[in-house]
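One structure below.
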Amino acid sequence: MATDARTLELRQLVNKKYKYIDRKWDAVFWITAAFVVGAAADITKQLFAGDWDFWTDWKDRQWWPIITPFAIIIIGSALQYIQWLAWRFPTGMTYTAVAMFACTFIGRWLQWGAFVYYPMNFVWPATMVAAAIFADWVLLKTKSFVLTSVLGSMIFAVSWWVSNYIPLAPFVQPAQWMDRVLTVSDIQGIEYVRSQTPEYLRIIEHGSLRTFLGETTYVSLVFGATVAIGGYWVGQFIGRGLAIWPIGRFMKKW
Amino acid sequence: MQRRYRRYFLAALLATMLLVTLAPAAQAHGEAAQEAFLRLRTVGWVNVRFSSDTVMQGETFTITGVAKIMESWPTTLAKGNPNTGYMGLIAPGPVVMLKERTMNGVSVPSRIDIKKGDIFEFSMTVAGRRVGRWHIHPSFSVKGAGTLLGPGMWINVKENPDGFKNEVQLVEAGGGPGDTINLENYQLPYVWIWLVITFFIGLAWMIYWTVPKRTVTNLAVTSQIPLNTDGMDYGLITKKDHRNMNWFAIGTLLLLLVGWIYQANAFPTKIPQQIIQFAPPQSALAENAGIAQTRNARATFDPDTDTVALSVDVTNTGTTPLTLTNFHASTLAYAVGGSPGPGVIAVTPQAEVAPGATTKLTLTTRDPAWRVEHLLPIGESQLLITGILVFRTGDGNTALSEVEAILQPRFE
């Protein structure tokens, strides 16, 4: 099939050498934006799901899989839109995940470990990298934000749970303490003093959702996946309405 | 010019040094910042004792005492009906660890049911963790009200030459005792390895897209093509990219699968996090709570001499004489003695109330702590002083009685 002139023109544009715009500008963009994106994602996570991410005894099977995917997909979704629109890279979610993990890791290690001495096995941050890779992959395959919001968000929520339940597993083992059987994470939460966070503030599963055969996790995952779709569109609004649209207006004026 | 800059620099250096060296370190937990009514009318503390002020890492000391949910609990807190409480510690981070907590004789790992008037004889076994000198308070948190502090003490935690562990015993699948683990670093390498592996997969994904490919200049093309295309026709994304990303996704999926199988085998027995809430049994002190009844309480404060004088009609409804031994108001504790001063309260006409009698007692204390601790509610909307009178009965028991006095301050 003959290639039309327009396609050839755009192909040439892809490989065009610019005099003043070299790879340094790429590095400047990716490296400087990483701090902003990491911080924005971490702050959003802390606003919506702070305690669930801070403590192992909050990482329960009911609320954690509902609240956290919603909180962390927002900025990832905005970046997915921006990076797909501008560079045609399926990287927004993964970029957010990597930048956020680096920021959070340094924060936990410095602020929670070195400054206030919490054991790191009590305050480790959740990872969204695996979930983000799947969400970016769905965007690459579908090339559609609508499909990514539905399929990608659902896969995101479920794979986020799987990838974080793996490190959580040792801390939900039963242990004997104060005349009772508790999980290791419960003991961490009580032994390591959290002065202004009395235990009754902990929002975790109280019952077992028996009407759903007691399968709390599955119910939460389905609900969490649905809520994540909402979070995805909140992110899309941020990406489209608060980032790209004002820039477009400014460029037109300029 | 250079000289001027040098001067600026030296001035800034000097200012910084003065700030750092002259500023006192924060050495308490802000209890004096809480309003007086919060501390006087919510949770009363009686006979709080620390068994030691120096421990090694891992060594324990106990904090014992009595906490009373005051009958005079303000209607503005927890809707006037406190129902859930949590006894804990206030410390600058986890410098100590809570190893055991009993309330009225039973272990209380977590939150409890409470109501106005409840009396809890508590004991907390606390282990030293972080080397240093730390200010520790017992605390009682009430849902809807916040955390209320008890009397604090400085605790020295010394380094343990034998090392330090925080051991907990797991429960095996059959219910028997399992491995003993050290909570300080249990499975930390496992957690980090997992998190770092996922991080590097993400990093690899990013490197794949950003290092060999140009970024910023793509905008010249992407701005001219529809959003729902991957730009394959123009070489933005290639078939090879698709293929490689499939492998990335498959690899990530396999990693999750391997991780899942590993955790299922390595940690086969798991339970959900536990919520424990119950009402501890009644304290023996609660049985004697009605013996000493107080009425018509009034208090005065003389700022010149820091004197608080509290007069109250005490009725002994018991069958043996009551002798007033102590008075507690929030974190302040006084024993009945000769001349009033810090820690000592004088009682006139006498500390004893005969069975069936009503006696007007006047308690006088001369203590700057009332002002220093901001426990006089002058300037607040309720001029009241609330505390707990501790009586010894003729048969050797202890009876607590709450007193709420109208405060008549002499304004400065």
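The values are calculated or read from the model by the stated rules, or taken from the named source; none is laboratory data. Keep in mind it's a predicted model, so treat the numbers as computed, not measured. Neighbour counts run over all protein chains shown; Cβ positions are idealised from the backbone, glycine included.
Some observations on this one:
- Within the option set B:L400, B:L361, B:L324, B:L376, being within 27 Å of B:T75 (Cβ to Cβ), aliphatic (A, V, I, L, M) and part of a strand (DSSP E or B) holds for one residue only, B:L400.
- The single condition among (1) crowded, with 24+ Cβ neighbours inside 10 Å; (2) farther than 25 Å from B:L183 by Cα; (3) in contact (Cβ under 8 Å) with a residue 24 or more places away in the chain that A:D60 does not satisfy is (2).
- Test: B:A286 is out of contact with any helix residue (DSSP H, G or I) (no Cβ under 8 Å at 6 or more places or on another chain) and crowded, with 18+ Cβ neighbours inside 10 Å: no
- Among (1) within 11 Å of another protein chain (Cβ to nearest Cβ); (2) farther than 30 Å from B:R130 by Cβ, the one test that B:I90 misses: (2)
- Flag if B:F122 is outside any loop (DSSP other than H, G, I, E, B) and more than 14 Å from the chain's Cα centre (by Cα): yes
- Those residues of the stretch A:77-107 which are over 16 Å from the mean Cα position of the chain (by Cα), under 19 Å from B:F200 (Cα atoms) and facing chain B (nearest Cβ under 10 Å), in sequence order: A:F89
- Given (1) modelled with pLDDT of 95 or more; (2) within 34 Å of the chain's Cα centre (by Cα); (3) more than 28 Å from A:P170 (Cβ to Cβ), index of the condition B:N244 fails: (2)
- Residues (assigned to a loop (DSSP other than H, G, I, E, B) and either modelled with pLDDT of 95 or more or polar (S, T, N, Q) (or both)) located in the stretch B:379-397: B:S381, B:Q382, B:N397
- The criterion of at least 3 residues that are of a type outside the set (G, A, S), within 30 Å of B:L77 (Cβ to Cβ) and in contact with a strand residue (DSSP E or B) (Cβ under 6 Å, 6 or more places away or on another chain) is met, among strands (runs of 3 or more DSSP E) falling completely within the stretch B:132-193, by B:132-142, B:146-149, B:153-158.
- Residue in the stretch A:122-133 that is over 19 Å from the mean Cα position of the chain (by Cα) and touching a residue at least 24 places away in the same chain (Cβ under 8 Å) present: yes
- The residue that is nearest to A:Y20 (Cα to Cα), among those in the stretch B:171-217 that are more than 7 Å from every other protein chain (Cβ to nearest Cβ), more than 40 Å from the chain's Cα centre (by Cα) and touching a residue at least 24 places away in the same chain (Cβ under 8 Å), is B:Y208.
- Enumeration of residues in the stretch A:109-138 that are more than 17 Å from B:Y190 (Cα to Cα), more than 7 Å from chain B (Cβ to nearest Cβ) and modelled with pLDDT under 95: A:L110, A:Q111, A:W112, A:G113, A:A114, A:F115
- Checking each residue in the stretch A:167-176 for being under 19 Å from A:I204 (Cα atoms) and either of a type in the set (V, I, T) or part of a strand (DSSP E or B) (or both) picks out A:V172, A:P174, A:A175.
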